[in-house]
Amino acid sequence: MKNKKITIVGSINMDLVTCTNRVPVMGETVMGESFHTIPGGKGANQAVAAARLGADTCLVGCVGNDTFGQDLLSHLKNQGVHTGNVEPVTHSSTGTASITIANGDNHIIVIPGANYAVTPEFVAKHEQVIAESDILMLQLEIPIESVEKAVELANKHHVKVILNPAPIQPLSKELLQKVDYLTPNEYEQQLLFYSNEWTEKEREEMMKKCIITRGSKGITFYQNGKKELPSYKVDVVDTTGAGDSFNGALAVSLSNGAALEDACQFANAVAALSVTKLGAQGGMPTIEEVQTFLQNQKGNEA
Ligand code: RIB
């Protein structure tokens, strides 16, 4: 059987991670614990999550023509992500994310840099890889018009779309109605649908596409009504990239033909494992690690 192909159009960042026991208030200086440069970016994270789980994974995006860009490209290749559709650009530096981690939780400031070179024209140039995919996955760290273009191409070629609406920003009704799955967190879901723009009926229809990640409270999804899955109890080191791990795993499972509930359960386990190590991609598991975890966790949900 042909291996299913997952394509991600999205961001590639170098994460500049500072670990501290206490986050300073404005104007204050505190002494931190450690500093790390770690591969990240929501698009790249989702691609690495899918590739580690064994999927045939392509990433479409841009890095700068600089050391971070070169390091990120070779890292992606080492992780098994196809990078033939990642281009280095000369007019922008590689995207970065300044991340502060305190007590397992984080603050993030993203400088998009080369990720904004992923224009609608750039996406159109990579139509072929989208057309050949089983699932297209998108987030919001590239320009919105480029996300819209990618969705348009996926619809044209009957490719299913997962849109992870993060970091949240205003999205047109038209765009949201064209995607197959939406994976907001609780806050993002509220911002997307609880405006006067939506009728009650439209909102109900949209909720059927939503898989809502609720951190330690678990997952909510809709299949013949609202369903909830609890999260797994794990020792949390760093929650950065948990949502990306969830999305990557969801894409892998759905592309393999799993039922929605099974796909959510699988993605839930992958997200749980991902937070047990430092860095967005640090804890992303292989398929064997997920299987062992699920075996050990039977009847042990939080
Ligand atoms: O979702 C986590 C990611 O968000 C980080 O890796 C950082 O690069 C930001 O894009």
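Summary table below
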read-out	value
Computed accessible area, residue 227, all protein chains, 1.4 angstrom probe, square angstrom	70
Per residue accessible area in Å² of the chain, where ligands, DNA and RNA are left out and the probe is 1.4 Å	45
From phi via Karplus (6.51, -1.76, 1.60), per-residue ³J(HN,Hα) for segment 32-48 in Hz, x at Gly/Pro	x, 9, 6, 9, 9, 9, 9, x, x, x, 4, x, 5, 4, 5, 5, 5
Debye intensity ratio in log₁₀ form over the Cα atoms of segment 153-269, taken at each q of 0.10, 0.17, 0.23 Å⁻¹	-0.30, -0.87, -1.51
Rh by Kirkwood over Cα pairs, then Stokes-Einstein D for segment 4-118 at 0.692 mPa s and 37 °C, µm²/s	222
Two-site label geometry, residue 155 and residue 105: point separation in nm, points 7 Å out along Cα→Cβ	3.8
Directionally averaged projected area (convex hull, Cα atoms, segment 68-111), nm²	4.2
Low-density loop positions, chymotrypsin sites (Phe, Trp or Tyr not before Pro), segment 154-211 - DSSP coil, at most 10 other Cβ in 10 Å	194
More than 26 angstrom apart: percent of Cα pairs within the chain	42
Relative contact order computed over the chain (Cα-Cα under 8 Å; 6+ residues apart), in percent	18
Heavy-atom accessible area order for 126, 158, 91, largest first, 1.4 Å probe	158, 91, 126
Förster radius 25 Å - calculated FRET efficiency between residue 23 and residue 203, Cβ distance, rounded to 0.05	0.10
Whole-number percent relative contact order across segment 123-182, with pairs defined as alpha carbons under 8 Å at least 6 apart	37
Theoretical gain in end-to-end length, residue 258 to residue 177 [0.36 nm per residue, Cα-Cα removed]	26.9 nm
Largest to smallest accessible area among 292, 276, 29, 20 [probe 1.4 Å]	29, 292, 276, 20
Net dipole in debye of segment 1-81 [+1 Lys, Arg Cβ; -1 Asp, Glu Cβ; about Cα centre; nearest 20]	540
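The values are calculated or read from the model by the stated rules, or taken from the named source; none is laboratory data. Values in this document were obtained by computation on a predicted structure and should not be read as measured data. All Cβ positions, glycine included, derive from the backbone under ideal geometry; neighbour counts span all protein chains shown. These area figures cover heavy atoms from the full protein model, side chains too; ligands, DNA and RNA do not enter into them. Shrake-Rupley method; radii C 1.70, N 1.55, O 1.52, S 1.80 Å.
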